[in-house]
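Have a look at the structure below before the remarks.
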Amino acid sequence: ALLSACGGGGGGGGGEDPQKVIEQATFEGIESGELGLSMHIKATGDQPGDMKVDLSGPFQTTGKESLPELAMTASANGEIENEKVDFEGGVTVLNDRAYIAYDGTNYEVDPTTFGFIKSGFEEAEQEGATESASGESTACQKAAEELDLGSFVNNLENEGSEDIDGTGTTKLSGDLDPKGAIEAVIKLSESSACSAQLDSAGALPLDELKEEESELTDAIKKAHITVNIGEDDHIPRKIAAQMTVEPKGTGETADVNFEITLSKVNEKQTIKAPAGAEPIEK
């Protein structure tokens, strides 16, 4: 969210100030691409688990205020509290219909349900465009841009250039400062520029976050992140994080490894309806 709030400009490379590079990162201008996401969580203690989740597939926009097209596949494999988990599925969304894949079978979403989802998305996009025109969204974005990233990332380093799926990137690394990150979220949420928009999405648990700030900070024992940012367009191509969480007094430990990649940015994607789809039974 912080990366997407920043603007573009400048260049990358091994010799550039890492703070400057991360402040130039942006998701603006992405029309299509292939998304890859993986997460591995291993927990020990009274509630052990070892789970790996993967999500991947192409996506592309179909015009302003219109539902995007995508074809994502998902899997979850492992164990939670000694119970085996083995899931494979996916979702395909076209401009006029959608499909759900589960247990090796594709199902078509009925037209009424799809129409409801599509109209809700388009209405939200129209409202967002109106807010942006009125200046409210711009004010919130400006508030986000003014956040001091250095206040919650320690030891930020530029590790030089690295090729990611054929794109030259600048690789940055650093350690998360949990206290600084939580305080930044609270500060942004309480700002007059953003509070009204955030409240419209639902009640924000700011009081609870403030009360549990110390406990949350103490629970995160390690949090390291690396970000690969495109040298030419400043779009992040890979984000990887490793975190160890140990809630005080629980005897529980969780190691979390997360990675998200973005490739073939703004290239034409081929997204088709799956063959032999069956209707979803009510």
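The values are calculated or read from the model by the stated rules, or taken from the named source; none is laboratory data. These figures come from a predicted structure and were not determined experimentally. Ideal geometry is used to build each Cβ from the backbone, glycine not excepted, and the neighbour counts take in all protein chains shown. All accessible areas refer to the heavy atoms of the entire protein, side chains included, with ligands and DNA or RNA removed. Shrake-Rupley method; radii C 1.70, N 1.55, O 1.52, S 1.80 Å.
A compact table of results
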read-out: Largest to smallest accessible area among ARG97, ARG237 [probe 1.4 Å]; value: ARG97, ARG237
read-out: Estimated FRET transfer efficiency (ILE260, THR112; beta-carbon r; R0 30 Å; 0.05); value: 0.35
read-out: Residues whose placed amide H lies under 5 Å from that of ALA98, excluding near-sequence neighbours; value: VAL109
read-out: Computed label-point distance, nm, for sites GLU215 and SER56 using a 7 Å Cα→Cβ extension; value: 3.9 nm
read-out: Cross-link table LYS20/LYS272; LYS20/LYS264; LYS84/LYS238, entries beyond 32 Å C-alpha to C-alpha; value: LYS20/LYS272
read-out: Candidate residues ASP103, ASP218: accessible-area rank, largest first, probe 1.4 Å; value: ASP103, ASP218
read-out: HN-Hα J in Hz across the range 88-93 - Karplus 6.51, -1.76, 1.60, θ = phi - 60°, x for Gly and Pro; value: 9, x, x, 9, 10, 10
read-out: Cβ crowding within 10 Å averaged over residues, with 268-277, 248-257, 169-178 ranked highest first; value: 169-178, 248-257, 268-277
read-out: Residues in the range 50-72 reached by a label modelled at ASP86 [backbone nitrogen below 15 Å; 7 Å Cα→Cβ]; value: 52
read-out: Size of charge dipole - the range 57-103 - debye, nearest 20, with Cβ of Lys, Arg +1 and Asp, Glu -1, no other charges; value: 320 debye
read-out: Label-point gap, in nm, between SER38 and ASP165 - each point 7 angstrom along Cα→Cβ; value: 1.4 nm
read-out: Cα convex hull of the range 22-87 - mean projected area over all directions, nm²; value: 7.0 nm²
read-out: Solvent exposure ordering (accessible area, 1.4 Å, most first) of TYR99, TYR107; value: TYR107, TYR99
read-out: Per-residue SASA entry for ASP163, accessible area with 1.4 Å probe, Å² rounded to 10; value: 100 Å²
